[in-house]
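This report concerns only the one structure given below.
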Amino acid sequence: MSGEPSVIFRCDVSPKIGIGHLMRSRTFAAELRRAGQRCVMVGPSVDYRSDVDAALFDAWIPVPEWESGESDAETFVSLARAHGARRAVIDDYRADETFQEVLRDAGLVWMQHFDSSKPYRFWADMIVHGSPSETAERWRPFLLNPDTEMLFGPAYAVLRSEFPPPHLRPNGRVVDRVLVSFGGGNDQGAVLLTLEALLGRTADTVRLAVMSGSRNPNNQAIQAWIDRNAGNRVTLHVEPKDIAGLFASCDLAVLGGGISIYEAASCGLPMLVMALADNQLRQCDAWEKLGAAVFLGPRAEVTTGLLADRALELIADRERRASMSAAGRDAVDGRGASRLAEHLLRERRK
């Protein structure tokens with residue numbers, strides 16, 4: 001085994017919750033590799049392991065089922081010791097107080113991402129949330145460790161290295177192309193809802209680019225709908241290679257409330273966003289308050305009429321779109337992973 005220090009990841013991924021945790025972990029692992037760290041992945045099935053992962057993670061250890069906080073933490077600590085890891089990244093929202101107590105007692109130093117819709121209590125050395133909605137004042141009462149660092153806000157958003165792309169078009173440009181994306185998992189019918197809303201109400205010159213993950217069970221139905229109804233106005237991109245280029249080629253985005261928000265913000269894309277899960281509600285609302293997005297509401301409450309009306313209002317308001325673009329770019333600079341690496345690798349006394 002290499003003498004380089006190791007960082008061990010615990011990550012959750014599934015068709016239901018999507019691949020956002022894994023994407024974030026990959027990006028952060030790449031940053032840690034550049035800092036001289038070995039990385040180990042624990043959790044996802046080998047079905048999710050890509051060619052890129054082979055260069056990022058020295059070991060990939062699937063954990064098929066989450067049994068309990070205590071038992072899973074004990075397994076995780078055992079793996080950390082076997083791989084010489086004394087630092088960890090927990091990107092798994094099931095990591096409750098019991099799980100954390102085992103890590104604390106084992107002397108691990110760890111950084112934890114969390115679900116802001118739940119009343120977590122934390123033993124972690126660092127807690128991370130990229131949403132503009134989270135504040136130290138809100139979460140301080142939940143800290144069990146008085147030394148916990150709270151790393152909140154878009155400055156700590158972990159984006160793929162290609163974001164923001166080097167060449168971005170001016171703010172407030174005419175809307176000729178709309179990006180539609182609801183994460184890498186099940187889109188819950190949001191893509192077809194968006195296509196039905198926009199194709200009938202926007203000008204024929206407006207094109208739509210749909211981005212979807214290969215594990216979205218609705219991909220076949222989406223393509224069939226496009227073939228029947230859209231002519232050449234809509235293109236489906238399943239896990240495109242140049243994601244940043246696709247974002248940068250669009251003028252407006254309709255998105256779910258996940259990581260894509262940060263990517264769009266870094267590109268200066270005005271956004272209409274909807275929450276596909278409860279843990280996206282606060283984030284979507286916060287991006288609207290920041291001035292970078294229009295929050296449509298929870299997926300179940302968004303109708304084609306509402307979506308079309310809000311999109312047309314935004315398309316007609318060049319000044320507002322320019323302001324939204326500037327707000328997004330100001331909030332997300334793409335250096336979140338390097339900031340987090342500095343915090344994780346800082347020496348601490350246990």
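Bear in mind that the values in this text are calculations on the coordinates, not laboratory data. A quick note: this is a predicted structure, and the numbers were derived from the prediction, not measured. A quick note on method: Cβ atoms are made from the backbone with ideal geometry, for glycine too, and the neighbour counts reach across all protein chains shown.
Let me have the 222 nm mean residue ellipticity of the chain computed from DSSP H runs of 4+ only, each contributing -39500 (n - 2.57), with the sum over all residues rounded to the nearest 500. It lands at -11000 deg cm²/dmol.
Mean separation of Cα pairs under 8 Å and 6 or more residues apart, divided by the residue count, gives the chain a relative contact order of 17 percent.
Taken about its Cα centre, the chain carries a charge dipole of about 740 debye when Lys and Arg each add +1 at the Cβ and Asp and Glu each add -1 at the Cβ.
On the basis of the beta-carbon distance and an R0 of 51 Å, ARG318 and SER78 show a calculated FRET efficiency of 0.30. Computed extension length for ARG228-ASP47: 61.9 nm, one decimal, from 0.36 nm per residue of separation with the Cα-Cα distance subtracted.
Cα convex hull, segment 176-220: 64 Å³ per residue, rounded to a whole number. This model, with +1 at the C-beta of Lys and Arg and -1 at the C-beta of Asp and Glu, gives segment 218-346 a dipole about its Cα centre of some 160 debye.
Across all Cα atoms of segment 189-335, the radius of gyration (one decimal) and Dmax (whole number) stand at 14.5, 42 Å. Of the peptides 106-114, 337-345, the order by per-residue mean of other Cβ atoms within 10 Å, starting with the highest, comes out as 106-114, 337-345. Structural descriptor for segment 49-159: relative contact order 19 percent, calculated from alpha carbon pairs under 8 angstrom and at least 6 residues apart. Structure remark: mean-square fluctuation, Gaussian network model of the chain, C-alpha springs under 10 Å; the largest value among HIS167, HIS237, HIS83 belongs to HIS167.
Just to confirm the number: angle between the C-alpha axis of helix 190-199 and the first principal axis of the chain, 0 to 90 degrees, nearest 10? The helix 190-199 is inclined about 20 degrees to the chain. Give the distance, in whole Å, between the Cα centre of segment 59-134 and the Cα centre of segment 201-266. Result: 34 Å between the Cα centres.
Choose one of ALA59, ALA88, SER71: the residue whose Cα lies farthest towards the positive end of the charge dipole of segment 48-129 (beta-carbon charges +1 Lys, Arg; -1 Asp, Glu; about the Cα centre). Going by the charge dipole, the pick is ALA88. When all alpha carbon pairs of segment 234-311 are counted in 5 Å bins from zero, the resulting P(r) reads 3, 16, 26, 24, 19, 11, 1 %.
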